[in-house]
Structure formats: structure tokens, C-alpha cells
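These notes are about the structure you will find just below.
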Amino acid sequence: MSSDQNSSDVVQSSFWLASWTLAVREVVRFVRQRSRLIGAIGQPIVFWILFGAGLHGAFQLPGVEDTQSLSFQEYFLPGIAVLIVLFTSIFSSISVIQDRNEGFLQGVLVAPIPRSAIVMGKVLGGAILAMIQAALFLIVAPLLHWIGLAPAMNLASSISGMVGATLFLALIAIGLTGLGYLFAWKINSVQGYHGVMSLVLLPMWLLSGAFFPGTGSVWMSWLIRLNPLTYGVAGLRRCLVTDPAVLQVLPPFWVCLSVTLLFAAVCLAADVFITRRDPAVAS
Amino acid sequence: MSIVHVDQLEHSYGERHALSGVSFDVERGEVFGLLGPNGSGKSTLFRVLSTLLPRQKGIATVNGFDVSEQSDDVRRSIGVTFQSPSLDLKLTVGENLKHHGKLYGLSGKHLTERCHEVMSRLGVADRERDYAETLSGGLKRRVEIAKTLLHSPKVLLLDEPSTGLDPGARHDLWATLFELREEMNVTILVTTHLMEEADRCDRLGIIDLGEMIALGTPNELRSKVGGDSITILGEEIESLAEELRTKFSCDVQTLNEVIRIEHESGHELLAQIATEYPGRFRSLTLGKPSLEDVFVKLTGRGLIEAGEVS
């Protein structure tokens, strides 16, 4: 019977196989578009060097007496790693819009895969790219000291510090890519997404303690405290910095970890929700 | 049971009714065409059948599965080719196929074999390592179709498959579709607004303003118009048309320097025109009515015109 003969081809589609192939596609596409690499990692490095040199001496971490303990560049280091993650996640979410407009998404939507695999593929792919780039930055940045572009830094070099930093980078990447997906799924033009980028995503980064502590103003310190990304940046900072005076002013580790975890989980759940509910691929 | 079964299907976008009670069946192994102008509702119907839109009211099943309740079973039963290509242009042909196969749960050696099989069937095996963006429109469409065959679907759904193809590529595409039907016994459902394409189908449904206004083989549909159709090309068409109207008191249409007459016994009329108006025309032909004639007869509008209105 013909149906029996065909049934061998109808293997049960698996969530992980589908997610993985979608994630691999993200990585392959990225590697083939060199300009994206330069945009996502080059710009943050330039920011780090220029802001670091420009604000050198004008910076003091509140609550820390000794001004010599932490240079601005050192303070800014985790923030830049998160900025790299943010830029990569923005690129990933823009690709959601491109996939829809170029027709690729329709082919995925008619495949017998759970809708959550579509989310997982995008987020996983974006997160892998973000982590690799941020990790590269964290390895390369201290080396810039040797050519005079950065001050000497006193960074953690323990295994637990590296594992912790990787964990936080992964969670932040999943959260931010998931957040970007949420907007991108509803927006049908890349131009429209620029609004979200400059009004939501970049302010979110600015108000995360990544760039400045922001404790001088009451309203700002509240915004920073309410921003979930603050805890991701603080968690990453905790893993990278060794100075006990700095560690003392950061939120406790368990708070950082739980908020960051929760944020990633909420974003993922919301992504799956809107993808399942989507009544149609707008044509 | 019919492989595609649609009964009293309705669909609306808010206030606007895109489908108002469409019914038809497609039998196993058939090449079935949905013919209609742009905005007729055929794309909505296509989207419901391909599980991209939920079924709102009425019945729609593919391979015995409900398109909304058992959408994953429907998805495994169909291979969908969209009007706008769903290839990833940054990937090679081979990578596109591998990727697609994995979405259908294929992997490893079996997937590789299937990829080679469908590539050679569609004649794109030599392009395996080329980036999709370097392919011509016709080849892209072939790769698309190859992709949809990977999981051996029972039904191929194609939305305006010859959009953007030159006549040669269009001809090849149809030859391929018929081969697939012969060799794999798949059922093929295409939407189109082109007469020439509709004419190739085994059976057709003509859809307009959300309703199925005619259903049958191209010949059956043509017989709705009845009689023969005479076409006259020439220089001073309008005056000739006027003379023919008074002389034979029949319906004479003129459109773009062409006279068209529908008549019960065209051959007799043709002979009369030929003997009585020598030298007044460049060519005089007798033929069966076209599907365009059928559409005009049923709706009072031309296909293109109807598409522009809506």
C-alpha cells in the first residue's frame, strides 16, 4: 500500500531538531554577512575605548571611597559586554521581520513543528551569537592594555568567575533576544523596529547601571532598580570584579540570578504565546 | 473520502467576507485549479487549506484531517509552494533542503538520500552548492517544489506557481507537475488567475467575490458559454462590427481591435462572413470559447478587470 510505503518518511518532527536547525541557520547567516559582525562587536569596542578615555578621572562609583580602585573602563566592561548582547539580539529580532517579509517564515509556519520551536530557534540562534561575541570581547578587552588603549584591570580569573559570567551572558542574551522577538513579531517593517530600538531597548541598557551608576537622581535610581536588565549587568559584574568594595554595593547574587532567570523565562513564555496566537502571517 | 473536502467554508476579516460558503472536493491524483481574479478569496482559501489561517466556519479537511483541529497531521500531508519564495537566499540549495527536511523530522543519511532524490527529480542536482540568491526565478521555483517533496506529501498546494516565470519556465513547471502526479500519485491544487494555466488542470473551480461560481473540467466550463467563438482581426473594426450587428442581429463585441462573436453554429456564420466581407479583415478564426469567455459570461467582467476592481 502506498500509504505504508510513505509512512517511513513521516518521522515525528521533534522540537529540538527543529529548534536546532533554525538556530544553526541563524548562525550560518550571520557568518555570511560580515558587516553584521563589525556592527555588533566593533561599535561597542570603539565606545568602550573612547568613553573610557574621555570619562577617565571624572568617574567615581558611589559608596566606594577609594577612587583608584575602579577605573571607568573597568566599570564599563560588563556594560559593554551587555551592549554587544543587546546589539546582537536586535539584529536577530530584525531578522524575524525579514523572514516574514521575504517569505521564509511561511515555509516554517506550515511545517508540523511546535510553534515554540520557532521561538526557540530564533532565541537560541541569537543567544549563541551574542554569547560568542561578548565572550570574545571579554577576552580581548583586557589585552588592549598592552597597546595602551585600556588601563590595567583587576579582573577575576577564577573558573567560577568565568562560569558565572558565561551563565549570566547566556541568560541576558536569551532575555534580550526574547524581548526583541516580542516586538519584532508584531512589527512589519525594519524601519518601525528602529523606533523600538531607540525608545525601549537602548534606554533599557542605559538605565541598567551598565553605563553609569545613576544614583544621583531619585527618579533615575528607581528606574534603574525596576529595570530587570540592571540585575543581569550586576550579576555579570559580580562575576568579573574582585574588589570587595565594589561587590559590596551590588545587589546580592541570588537576587541578580533570580531576576535575570525570571526575565528570560517571562520573555520566552510571552514569545511562545504570541507565536501560537498569531491568526495569520500577514500577507 | 475526497483528499480535499471543503463544505460551506466561510471566512471573514472583521467585517469583510473573504469566503462566503465555498464547497468543493478534490479527488486523489487530480490536478485541481482555483481560478479567480486577485481579491476573489482564493488566497484566503489557500491559506486555510495550508493551515496558515484558522478555519472559522464550515468544513475543510485535507487527507481526512481537519485543517484547524488536526493541523499537524494536515501539515505532514501537504507540501506548500508559496507565491513569494520561501527559500533562504543566503543558504545554498542543498542547505535549504536539509534545513527544510529537519523541520519535517528527517535527519542523517535518510535526509541526505531524500535531498538527492528530490534534487534530481526536479533537475537541480547540479546546483546543490550554489547560493539560492544566484538562481533564476524558474530554478528557485523548482527548488521550492523539491523542498515540498522531501516528506512525500499526499497533496501539493501551489499558490500562483508561475508568478514571475517566463513562458519557457512556466511550460517546464507544468510538465514537472504532471510528471510528479504520474510518478508519485500526488494530488495537486493550484491557484491561478491565468487562463492558460487553468486550462491545463483536470478540473477547475472558478471563484469570485468569495463564492465558487462554477466547478468542472475546462471543457465542461466552456460548454456553459455554448457554441463557438469567432475572432476577427482587421483594420477598421468598428465599422465592420456595426455592419455585422445589423446584418446578423447577433451579439458582437469589440475589444482592442478585435471582434468577438459568440454563436451557436459558428462555422456557418464564419462562412457567410468570409464570402460577404472579403478583404475587410486580416484574419478570421473559429474556436471554442476560452475560460476568459466563461468568466465574462458568469460575472459580466473580465478577469483582469475584476482583479483591479477589488
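Readers should treat all values here as calculations from the given coordinates under stated rules, not as data from a laboratory. Values in this document were obtained by computation on a predicted structure and should not be read as measured data. Note that each Cβ is placed from the backbone with ideal geometry, even for glycine, and that neighbours are counted across all protein chains shown.
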Exercise. Among rounded, prolate and oblate, which fits the protein assembly as shown when a ≥ b ≥ c are the square roots of the eigenvalues of its C-alpha gyration tensor, a/c under 1.5 means rounded, and a/b larger than b/c means prolate?
Worked result: prolate
Problem set entry | Residues of the stretch A:77-118 with amide N under 20 Å of the 7 Å Cα→Cβ point at A:Phe15 | A:108-118
Problem set entry | Net lengthening on full extension, A:Leu226/A:Ser157 (0.36 nm per residue, minus Cα-Cα) | 21.8 nm
For this session: Over the residues of the stretch A:22-136, compute the C-alpha Rg and express it relative to 2.2 N^0.38 Å.
Result: 1.39
Problem set entry | Projected label distance in nm at B:Glu15 and A:Phe253, using a 7 Å step from Cα toward the beta-carbon | 6.2
Exercise. Can you run phi through the Karplus equation (6.51, -1.76, 1.60; θ = phi - 60°) for the stretch B:287-293 and list ³J(HN,Hα) in whole Hz, with x for Gly and Pro?
Worked result: x, 6, x, 8, 5, 4, 4
Seminar exercise, completed: Any residue on another chain or 5+ positions along whose placed amide H is under 5 Å from the amide H of B:Thr81 is listed here as B:Leu157, B:Leu158, B:Asp159
Seminar exercise, completed: Summing -39500 (n - 2.57) over every DSSP H run of at least 4 residues in the protein assembly as shown and dividing by its residue count gives a helix-only mean residue ellipticity at 222 nm, to the nearest 500 deg cm²/dmol, of -17000 deg cm²/dmol
For this session: Using Cα centres only, tell me the gap between the stretch A:71-114 and the stretch B:283-298 in whole Å.
Result: 55
For this session: Tabulate in residue order the Karplus-calculated ³J(HN,Hα) for the stretch A:241-250, using 6.51 cos²θ - 1.76 cosθ + 1.60 with θ = phi - 60°, rounded to whole Hz; enter x for Gly and Pro.
Result: 9, 10, 4, x, 5, 6, 4, 4, 8, 8
Exercise. For a paramagnetic label modelled at 7 Å from the Cα of A:Gln98 toward its Cβ, which residues of the stretch A:107-142 fall within the zone defined by backbone nitrogen distances under 16 Å?
Worked result: A:122-123, A:125-127, A:129-130
Exercise. Given H placed 1.01 Å from N in the peptide plane, which residues other than close sequence neighbours of B:Leu204 have an amide H under 5 Å from its amide H?
Worked result: B:Gly33, B:Gly216, B:Thr217
Exercise. Rounded, prolate or oblate: which fits the stretch B:227-288 when a ≥ b ≥ c are the square roots of the eigenvalues of the alpha-carbon gyration tensor, with rounded for a/c under 1.5 and prolate only if a/b beats b/c?
Worked result: rounded
For this session: With viscosity set to 1.567 mPa s and temperature to 4 °C, compute the Stokes-Einstein D of the stretch A:205-272, Rh being the Kirkwood radius across alpha carbon pairs; µm²/s, no decimals.
Result: 103
For this session: For a footprinting-style exposure proxy, rank A:Phe168, A:Phe253 by other Cβ within 10 Å, fewest first.
Result: A:Phe253, A:Phe168
Problem set entry | Overall form of chain B per C-alpha gyration tensor (a/c, 1.5; a/b vs b/c) | prolate
Exercise. Applying 1/(1 + (r/R0)^6) with R0 = 41 Å to the Cβ-Cβ distance of B:Lys247 and B:Arg301, what FRET efficiency is obtained, to the nearest 0.05?
Worked result: 0.90
Seminar exercise, completed: Simple SL model, points at 7 angstrom along Cα→Cβ for A:Val46 and B:Ser223; separation in nm is 7.4
Problem set entry | Volume per residue that the Cα convex hull of the stretch A:15-277 spans, once the total is divided by residue count, Å³ | 130
Problem set entry | Distant-in-sequence amide H partners of B:Asn38 (H built 1.01 Å from N, under 5 Å) | B:Gly307
For this session: State, to one decimal in nm, how far the label point of A:Leu202 lies from the label point of B:Ser107, with both points 7 Å from Cα in the Cβ direction.
Result: 4.2
Exercise. So what are the ³J(HN,Hα) numbers for the stretch B:149-160, from phi and the Karplus equation (6.51, -1.76, 1.60; θ = phi - 60°), rounded to whole Hz, Gly and Pro as x?
Worked result: 8, 3, 9, 6, x, 7, 10, 9, 10, 10, 9, 6
Problem set entry | Cross-link pairs A:Lys186/B:Lys90; B:Lys42/B:Lys247; B:Lys57/B:Lys288; A:Lys186/B:Lys297; B:Lys42/B:Lys224; A:Lys122/B:Lys147 - those with Cα-Cα distance over 32 Å | B:Lys42/B:Lys247; B:Lys57/B:Lys288; A:Lys186/B:Lys297
